[in-house]
Amino acid sequence: MRIISVKYLRDFWVLNPDAEQPLKAWHEEAKAAVWQTPQDFKDRYRSASFLGNNRVVFNIKGNDYRLITAVAFRFEAVYIKFIGTHAEYDRVDARTLKWSSSMDIRPIRNEADYQAALKAVAPFFDEEPIAGSEDADRFEVLLALIQLFEAKNYPIDLTDPIEAIKFRMEQQGLSVKDLEPFIGQSNRVYEVLSQKRPLTLRMIRRIHEGLGIPAEVLIRSSAAEDERFGFAA
């Protein structure tokens, strides 16, 4: 999926550092996903809520934070609408959270252009344009411009591989026992999750195939390994 408005995530975890790794894990999974129907979310995220109007709400870090997204299924695009605490979430209406604006299509050179582009593209997530129409072409061009600007100015690093596994466990309600087919006996699972034992290539292959965690995330060294060997994270 194409994820836009990623600056929202970065700004949020600067103020809430405990949300950084779970949000990075969500971002990597979303980029690698192909969501075509609301059921695709429910199959992978047990606590996700589809509210209609193409709105999907995710629980992040247990139930500490709520992430509201709008999804344009036909265009494989996800717009980050809101991220906040439960109390903040309760003060917004996820179904009607929207912006309406228009702009001429032009290069995005600065923050003002970026914000204008986000506002211009937002209505297309509320009502997807008909494929092949002028609006659909406009939508595609705006998405490409926003992604280019965000990739240059607001890149998001890959999450820690162990944090990615913990995130997937949380989202699917998995236990240590459920990880045994991918990692080995429970004592080995505990060692991996506590970063006392590194992931092997066999584990990485099994976890990628069984849990759908992107391989490029799993092959990264963990934060504990970087610290142990004196590498920069």
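The values are calculated or read from the model by the stated rules, or taken from the named source; none is laboratory data. Values in this document were obtained by computation on a predicted structure and should not be read as measured data. In this analysis, Cβ positions are derived from the backbone assuming ideal geometry, glycine residues included, and neighbour counts consider all displayed protein chains.
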Give me a count of the residues in segment 117-140 that are within 18 Å of residue 96 (Cβ to Cβ) and either touching a Leu at 6+ places or on another chain (Cβ under 6 Å) or of a type in the set (Phe, Trp, Tyr) (or both). 3
Looking at (1) in the same structural domain as residue 96 (by TED's automatic domain parsing); (2) touching a residue at least 12 places away in the same chain (Cβ under 8 Å); (3) farther than 28 Å from residue 14 by Cα, which is the one condition that is false for residue 207? (1)
Can you tell me which residue is nearest to residue 192 (Cα to Cα) among those in segment 157-175 that are in a loop (DSSP other than H, G, I, E, B) and hydrophobic (A, V, I, L, M, F, W, C)? 174
If you take the residues in segment 62-96 that are among the acidic types (Asp, Glu) and closer than 20 Å to residue 127 by Cα, which one is farthest from the chain's Cα centre (by Cα)? 93
Selection over segment 173-209 where residues are loosely packed, with under 13 Cβ neighbours inside 10 Å and within 22 Å of residue 31 (Cβ to Cβ) yields a count of 1
Can you find even one residue in segment 126-137 that is touching a Lys or Arg at 6+ places or on another chain (Cβ under 9 Å), assigned by TED's automatic domain parsing to the domain that holds residue 34 and in a helix (DSSP H, G or I)? yes
Wholly within segment 17-122, which helices (runs of 4 or more DSSP H) include no fewer than the required count, namely at least 1 residues that are touching a Pro at 6+ places or on another chain (Cβ under 7 Å)? 20-32
Confirm whether residue 165 is touching a helix residue (DSSP H, G or I) at 6+ places or on another chain (Cβ under 8 Å), in the same structural domain as residue 58 (by TED's automatic domain parsing) and aliphatic (A, V, I, L, M). no
